[in-house]
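**Student:** A single structure is presented below for examination.
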Amino acid sequence: MPIVPTQEILGRAFRDGYGVAAINIVNDLTLDAVLAAAEEMRAPLIVQTSVKTVKMEGAEVLIGMWRELTRSITVPVAIHLDHCPDRAVISECLALGWSSVLFDASKLSVEENRVQCIEVVAEARRYGAAVEGEIEGIQGVEDGIGSDDASQQQTLEIALDFIRSTGIDCFAPAIGNAHGMYTTTPTLDSQRVTDIVAAEPIPIALHGGTGMTSDQFADLISRGCAKVNISTALKVAFMQSGYDYMTEHPGQYDPPALFRAQRAAVVEMARDHIGRFGSAGRAW
Ligand code: 13P
């Protein structure tokens with residue numbers, strides 16, 4: 001199977017009421033680990049790349065890794081460019097074969113965001129790719145993009161008008177969620193997801209997944225959050241396992257042994273989230 005359009009992965013999840021893990025990877029090891037978890041769980045998966053990761057690895061190297069590591073995959077997977085305000089990076093990734101992009105113009109006025117988003121949707125369609133849109137910055141800084149200021153929610157009418165007039169495939173509303181670590185369990189405006197979906201049945205992207213409870217995931221997924229973003233949890237698993245390994249094996253400088261420990265931690269993290277989103281066993 002293999003690489004499947006993001007629209008198809010999200011369309012099925014939205015229709016059947018489960019959430020697809022959309023996990024930000026940072027290199028080949030973490031990409032390989034999340035793919036292994038999806039394969040093991042027989043779950044569809046969206047692999048996400050931040051602009052920072054694209055710039056660090058280089059878009060061509062990253063898509064090369066993706067093609068190579070998905071060559072024998074048997075569950076549906078897609079590759080998504082997360083929060084990208086830069087149209088040049090969007091064009092580069094679409095041309096190279098990314099399945100979907102999040103055009104993050106939340107710093108612009110809704111009107112300017114709409115005008116540019118319509119152009120991004122038209123560009124993506126030429127490649128059969130999908131577009132996620134947002135009109136409210138999700139609180140917190142994700143790989144250098146975003147702000148710690150509280151998000152300003154737009155009205156339901158403005159959100160619906162944006163969804164309808166741009167033709168986006170997935171919408172990311174601000175519902176009290178935030179990127180990074182929550183200091184306390186967040187209070188989420190889940191009714192907003194229900195209100196949007198009731199008026200316009202579109203898969204919703206749930207940002208800021210790290211640290212939400214299993215009950216919060218289940219509730220939001222049942223309301224239409226078909227795409228569940230996880231980034232910080234992967235960074236923690238990857239880096240903490242490396243630190244722990246070196247602490248437990250002082251003076252042992254054996255990169256493959258270190259990488260095995262890190263890979264195992266990332267696989268475990270991905271398995272845990274996939275298991276909580278109801279997508280295990282949903283591969284087709
Ligand atoms: P976390 O870093 O909180 O998991 O959020 C991920 C995210 O929403 C990526 O866009």
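**Student:** What whole-number volume per residue, in cubic angstrom, does the convex hull of the C-alpha atoms of segment 41-169 give? Mind showing how you got there, number by number?
**Tutor:** Numbers: hull volume 15.7 nm³, N = 129.
Value for segment 41-169: 122 Å³ per residue.
**Student:** Right, something else. Using DSSP, restrict attention to beta bridges with both residues in the chain and report what percent are antiparallel, rounded to the nearest 5.
**Tutor:** For the chain, the DSSP antiparallel bridge percentage is about 10.
**Student:** Distance between Cα centroids, segment 126-181 to segment 27-69: provide it in whole Å.
**Tutor:** 23
**Student:** With a 1.4 Å probe and all protein chains left in place, how much accessible area per residue does the chain have, in Å²?
**Tutor:** For the chain, the per-residue accessible area is 41 Å².
**Student:** Return a whole-number percent for the relative contact order of segment 26-158, with Cα pairs under 8 Å and 6 or more residues apart as the contact set.
**Tutor:** 19
**Student:** Right, something else. Beyond 14 Å, what share of the Cα-Cα pairs of segment 101-174 remains, rounded to the nearest whole percent? Intermediate values should be presented prior to the final figure.
**Tutor:** On the way: 1540 of 2701 pairs.
I get 57 percent for the Cα pairs in segment 101-174 exceeding 14 Å.
**Student:** Next question. To the nearest 0.05, what FRET efficiency results for Tyr127 and Ser165 with a Förster distance of 22 Å applied to their C-beta separation?
**Tutor:** Approximately 0.55, to the nearest 0.05.
**Student:** When the Cα atoms of segment 23-76 are enclosed in a convex hull and the volume is divided per residue, what value in Å³ results?
**Tutor:** Numbers: hull volume 3.4 nm³, N = 54.
That works out to 63 Å³ per residue.
**Student:** Counting every Cα pair in the chain, what percent are over 23 Å apart?
**Tutor:** Above the 23 Å cut-off, the chain has 51 percent of its Cα pairs.
**Student:** For segment 80-124, give the percent of accessible area contributed by carbon and sulfur heavy atoms, probe 1.4 Å, rounded to a whole number.
**Tutor:** Of the solvent-accessible surface of segment 80-124, carbon and sulfur hold 59 percent.
**Student:** What does DSSP give for segment 67-156 in terms of the percent of beta bridges that are antiparallel, rounded to the nearest 5?
**Tutor:** Given both bridge residues lie in segment 67-156, the antiparallel proportion sits at roughly 25 percent.
**Student:** On the principal axes of its Cα set, how long, how wide and how thick is segment 51-110? Give whole Å, largest value first.
**Tutor:** Ordered largest first, segment 51-110 gives principal extents of 43, 23, 17 Å.
**Student:** Now for a different question. Add -39500 (n - 2.57) for each DSSP H run of 4 or more in the chain, then divide by its residues: what number comes out at 222 nm, to the nearest 500 deg cm²/dmol? Spell out each step's value before the answer.
**Tutor:** Numbers: 11 runs with 140 residues, N = 284.
Helix-only estimate at 222 nm: -15500 deg cm²/dmol.
**Student:** If amide hydrogens are placed 1.01 Å from N in the peptide plane, which non-local residues have theirs closer than 5 Å to the one on Ala105?
**Tutor:** Glu134
**Student:** What share of all Cα pairs of segment 191-268, in percent, falls into each consecutive 5 Å distance bin?
**Tutor:** With a bin width of 5 Å, the distribution comes to 3, 14, 18, 15, 11, 9, 9, 8, 6, 4, 2, 1, 0.
**Student:** Per residue, how big is the convex hull around the C-alpha atoms of segment 154-284? Give it to me in cubic angstrom, could you?
**Tutor:** Once divided by residue count, the hull of segment 154-284 is 141 Å³.
**Student:** Cut-off 10 angstrom, C-alpha nodes, Gaussian network model of the chain. Which of Pro201, Pro44, Pro256 fluctuates the most?
**Tutor:** Pro256
The values are calculated or read from the model by the stated rules, or taken from the named source; none is laboratory data. All of these numbers come straight from a predicted model, not from anything done at the bench. Note that each Cβ is placed from the backbone with ideal geometry, even for glycine, and that neighbours are counted across all protein chains shown. These area figures cover heavy atoms from the full protein model, side chains too; ligands, DNA and RNA do not enter into them. Shrake-Rupley method; radii C 1.70, N 1.55, O 1.52, S 1.80 Å.
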